[in-house]
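Here is the structure we will look at, set down as structure tokens.
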Amino acid sequence: MRALNATFQRELRAYFVSPLAYLVMTFFLVYNGFTFGAVISYLNDPRAPGTDRPMDSIFQGFFFWVLLLFLATVLTMRLISEELRSGSIEVLMTAPITEAQVVVGKYLAALTFYCALWAPTVAYCLIISHYSRVDWGPIAGGYFGIFCLGAFFLSIGVLFSALTRSQLLAAIMTFAVLAILFVVGLLENLFNNELAKQTLGYVDLYGHMEEFHKGIVDSRHLIYYASAICFFLFLASRALADRKWR
């Protein structure tokens with residue numbers, strides 16, 4: 001555990017001294033600030049119907065998904081690729097630490113920074129509660145869905161970061177795979193076969209998020225995300241181990 005914790009703390013510190021991380025944070029907060037401003041303007045309009053789910057505009061929509069894909073790509077593209085490019089991975093792997101500890105430590109650092117990005121947006125909910133009726137169940141479900149999606153997306157990013165020395169290539173592959181995963185779930189209605197519809201419905205990320213929006217936390221979704229995260233992190237550790245013996 002000491003080795004894992006050391007990797008986690010080292011990588012987390014690297015996030016907070018990286019100019020790119022602050023650029024990402026600034027872009028993220030500015031984007032959500034504009035979205036929040038639009039929500040407040042809507043609630044202040046006397047012609048607008050009342051709603052107890054005012055945060056839906058932040059938790060869904062095309063740009064919300066693009067934002068999640070962008071965050072996962074940018075936060076993970078350098079995690080292992082930079083170590084491979086600079087050769088520092090050779091020094092790291094000679095230390096008393098396993099490939100799995102390296103991967104998990106870096107992954108947890110990325111996940112912690114991802115959560116830190118979303119933490120300030122909780123203030124939006126408190127402000128909106130002064131303007132409108134708020135149902136806190138769907139809001140909590142929405143944030144939990146954001147956590148699950150982020151954890152899943154970041155695990156895929158860590159895998160591709162472990163497969164190449166190029167940060168750009170890792171970013172492109174991560175974004176492409178995440179975009180494909182999102183689109184695949186939307187193809188559910190194109191099939192008449194019941195098994196195909198059920199399979200696509202199970203991997204439909206948009207459908208998962210819709211249920212989280214409603215405050216529904218289905219155990220099937222939790223199993224899906226937990227198993228997928230473990231699978232991709234395992235592949236990342238195997239990819240790193242394979243490089244060790246080349």
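Listed values, structure above:
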read-out	value
Region 104-136, subset small (Gly, Ala, Ser) and surrounded by 13 or more Cβ atoms within 10 Å (Cβ to Cβ), residue modelled with the lowest pLDDT	SER132
All positions within region 116-138 that are of a type outside the set (Phe, Trp, Tyr) and under 17 Å from LEU68 (Cβ atoms)	ALA116, LEU117, ALA119, PRO120, THR121
Qualifying residues in region 139-162 (those that are touching a Lys or Arg at 6+ places or on another chain (Cβ under 9 Å) and either surrounded by fewer than 21 Cβ atoms within 10 Å (Cβ to Cβ) or more than 18 Å from PHE64 (Cα to Cα) (or both)) - the one modelled with the lowest pLDDT	GLY141
Among the residues listed as LEU29, LEU43, the single one being assigned to a helix (DSSP H, G or I), more than 23 Å from LEU163 (Cβ to Cβ), in contact with a helix residue (DSSP H, G or I) (Cβ under 9 Å, 6 or more places away or on another chain) and at pLDDT below 70	LEU43
Extreme residue, nearest to ILE229 (Cα to Cα), among residues of region 163-177 that are among the hydroxyl-bearing types (Ser, Thr, Tyr) and either modelled with pLDDT under 90 or surrounded by fewer than 19 Cβ atoms within 10 Å (Cβ to Cβ) (or both)	THR164
Filter result for TRP65 (assigned to a helix (DSSP H, G or I) and at pLDDT below 85)	yes
Conditions (1) free of Cβ contacts under 8 Å to residues at least 24 places away in the same chain; (2) outside any helix (DSSP H, G or I): number failed by ARG133	(1)
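The values are calculated or read from the model by the stated rules, or taken from the named source; none is laboratory data. This one's a predicted model, so the numbers in the text were calculated from it and none came from an experiment. Glycine also receives a Cβ, built like all others from the backbone with ideal geometry; neighbour counts cover every protein chain displayed.
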